[in-house]
Amino acid sequence: MSKSMKRFEELTMLDGASGFENEISKYLEENLSKYADEIKYDNLGGIYAIKKSKKENAKTVMIAAHMDEVGFIVTKILPNGFLKFEPLGGFREDVLLAQTFTVTSYEGKKFTGVIGSIPKHFTAGVAQNVKISEMTIDLGASSREEVIAMGIREGAFVTPKTTFEKLTENRIMTKAVDNRYGCVIITEILEEFSGRELDINLVVCATVQEEVGLRGARIAANMIKPDICFVVDCSPANDMDGSAMSNGRLGEGFLVRLVDRTMVLRPNMREKLVKIAEENNIKYQYFTSPGGTDGGNIHQSLVGIPTAVIGICARYIHTHNSIFDMRDYYAAKSILEKLIESIDEKFIEDVRK
């Protein structure tokens, strides 16, 4: 297993729903501190690793990931020991029934539960369109008192419980690729440039609460005040029909995200990305999305921050098992490396026009 693949395993197997990112931030602090001149936190838990330039008045480049994965928060413990919950991020109801989940207590204790489903024997002729508000998690406990004795309280967080599997030479199946991909790539980019002098200040950061409204992104922009930002995030692949015209295809390179509901990629930035990719034979694909990324808040911060999303796509995101292609990851890493080597005052001036 490659170092990159091993990092994917380590990070995707951690649990961190929106507002509960501590496991991931601890991992990142331990790993980023090896390569950074300085580590900082914001007041909501976002983490920043800074590599300072010796150049006077150097421009600042920020690469922003988010740490959180989609999950739930426990809102009520019923008398029979079942848990009611609310979503932290977007789920389709039909991917939840009979699936196993990890419930993490405030003290960090972990318990396995399953979202209950009614057997077919009891549902003959009855449509099963169960809403999240009607679902419960079964921990195997027989009473509220037993759940409390286990250490679980209202406010515990819940994440999908699954395994990390290498399916083929290049394709991996795991949870939370959205957005532990970003956490892997910021670690490896900082490692790549740790022994090199740069004419820019390089800041890699991991934000909080992206899945519930891009909440950590504006904080990051206001804290770092970058001259340019690249957001690294994972988007939904839509290639299951085998069509060459699909929007987001595994193995076809990093995503040049043209437009989503939160941001339009400006043409001068788009042309920079495409030119550098083509000059260096880095595979890329255009992508559009009805969703959004941290770029939506970052590019609107301060007086406007030139921003682009350097993404990869994965099948079945926001479920227990996403599939992605390591070749897309390496393409994303390569374009980021080339961008960092290319950025100077003229580059930044060009993308501001």
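The values are calculated or read from the model by the stated rules, or taken from the named source; none is laboratory data. What you are looking at is a predicted structure, and each value in this text was computed from that prediction instead of being measured. Every residue, glycine as well, gets a Cβ built from its backbone with ideal geometry; the counts of neighbours run over all protein chains shown. To get the accessible areas, we keep the full protein, side chains included, count just its heavy atoms, and leave off ligands, DNA and RNA. Shrake-Rupley method; radii C 1.70, N 1.55, O 1.52, S 1.80 Å.
Points worth noting:
- At q = 0.14, 0.32, 0.33 Å⁻¹, base-10 log of I(q)/I(0) for the stretch 178-228 (Debye sum, equal scatterers on each alpha carbon): -0.44, -1.21, -1.22
- Kirkwood hydrodynamic radius (C-alpha pairs) into Stokes-Einstein, the stretch 224-301, 37 °C and 0.692 mPa s, D in µm²/s: 241
- Lysine pairs meeting the criterion (Cα under 29 Å, 8 or more apart or interchain), as found in the stretch 44-135: 13
- For the chain, projected area of the alpha-carbon convex hull averaged over all directions, nm²: 19.1
- Magnitude of the charge dipole, the stretch 207-353, Cβ model with Lys/Arg +1 and Asp/Glu -1, debye to 20: 260
- Computed about its Cα centre, the charge dipole of the stretch 44-165 is approximately 640 debye, with only Lys, Arg, Asp and Glu carrying charge at their Cβ.
- In units of the compact-protein estimate 2.2 N^0.38 Å, the stretch 284-339 shows a Cα radius of gyration of 1.33.
- Placing unit charges on the Cβ atoms only, positive for Lys and Arg and negative for Asp and Glu, gives the chain a dipole magnitude near 220 debye about its Cα centre.
- Taking all protein chains as shown and a probe of 1.4 angstrom, Arg352 keeps an accessible surface of around 110 Å².
- Diffusion of the stretch 138-221 by Stokes-Einstein, at 20 °C in a medium of 1.002 mPa s and with Rh set to the Kirkwood radius over alpha-carbon pairs, works out to 125 µm²/s.
- Each residue of the stretch 27-32 was assigned a 3J(HN,Hα) from its phi angle through the Karplus expression (A = 6.51, B = -1.76, C = 1.60, θ = phi - 60°), giving 4, 5, 4, 4, 8, 6 Hz with x at Gly and Pro.
- A dipole drawn for the chain from +1 and -1 charges on Cβ atoms has a positive end, and of Val130, Phe157, Ser334 the residue lying farthest that way is Val130.
- Of all accessible heavy-atom area on the chain, the percent that carbon and sulfur account for (1.4 Å): 49
- Here the Kirkwood formula, the inverse mean of 1/r across different C-alpha pairs, assigns the stretch 106-152 a hydrodynamic radius of 13.0 Å.
- Dividing the Cα radius of gyration of the stretch 1-129 by its Kirkwood radius returns 1.12 for Rg/Rh.
- Mean Cβ neighbour count within 10 Å, used as a protection proxy, ranking 246-258, 160-172 highest first: 246-258, 160-172
- Springs between Cα atoms under 10 Å define the GNM used for the chain, and in it the highest mean-square fluctuation of Thr104, Thr123, Thr12 occurs at Thr123.
- Alpha-carbon Debye profile of the stretch 27-72, log10 I(q)/I(0) at 0.21, 0.23, 0.31 Å⁻¹: -0.85, -0.96, -1.26
- Residue-averaged [θ]222 nm for the chain, counting only DSSP H segments that reach four residues, each worth -39500 (n - 2.57): -8500 deg cm²/dmol
- Residue by residue, the stretch 317-333 carries 3J(HN,Hα) couplings of 5, 6, 9, 6, 9, 9, 10, 9, 10, 4, 5, 5, 4, 5, 5, 5, 5 Hz when phi is fed to the Karplus relation 6.51 cos²θ - 1.76 cosθ + 1.60 (θ = phi - 60°); x denotes Gly or Pro.
- Orientation-averaged projection of the stretch 197-353 equals 9.6 nm² [convex hull of Cα atoms, one quarter of hull surface area].
- The chain - accessible surface per residue (Å², probe 1.4 Å): 44
- 5 angstrom amide H check on Gln300, placed H, neighbours 5+ away: Ile305
- Normalised contact order of the chain, rounded percent, pairs of Cα under 8 Å and 6 or more residues apart: 22
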